[in-house]
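The values are calculated or read from the model by the stated rules, or taken from the named source; none is laboratory data. Keep in mind that what you see is a predicted model, and the values were worked out from it rather than measured. No Cβ is skipped: glycine too gets one built from the backbone with ideal geometry, and neighbour counts run over all protein chains shown.
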Amino acid sequence: MQEAETQSPRTTQQNITQVGLPELTGTPEEIAQAGPIRTQLLMQADDLMSQLRSQERCAPLLPDDSPPPAIAEAEAGLQKLRNQMDAAWWITHQNDSARQLLELTILLARNERR
């Protein structure tokens, strides 16, 4: 039996979430602690983005068919979150919700554009 067939759906989702993520930086202990935290929070953030996209499909489309600013900003925030490599950052934010982290990264992205 192939390994993919024996994995639980949760393990499969974690592997999908981790694909393409940069390696964490920090001490070996921080990296070991932060890995599961990052995986869990990114899975939750992905779920939030799916909900947002689903809700947006029900709303009227913009005339030029471009994504509404809220979705574009949330996607930029999610990308910034995915690119966070500092293990200590993930440990510090382990008790934050995925929504809080997306809001934080959206604000950071907005400030970087100014």
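In this structure, is residue 88 surrounded by 11 or more Cβ atoms within 10 Å (Cβ to Cβ), in a helix (DSSP H, G or I) and modelled with pLDDT of 90 or more?
yes
Can you tell me which of (1) of a type outside the set (D, E, K, R); (2) surrounded by fewer than 17 Cβ atoms within 10 Å (Cβ to Cβ); (3) modelled with pLDDT of 80 or more; (4) farther than 9 Å from residue 87 by Cβ is the one residue 61 doesn't meet?
Among (1) of a type outside the set (D, E, K, R); (2) surrounded by fewer than 17 Cβ atoms within 10 Å (Cβ to Cβ); (3) modelled with pLDDT of 80 or more; (4) farther than 9 Å from residue 87 by Cβ, the lone unmet condition for residue 61 is (3).
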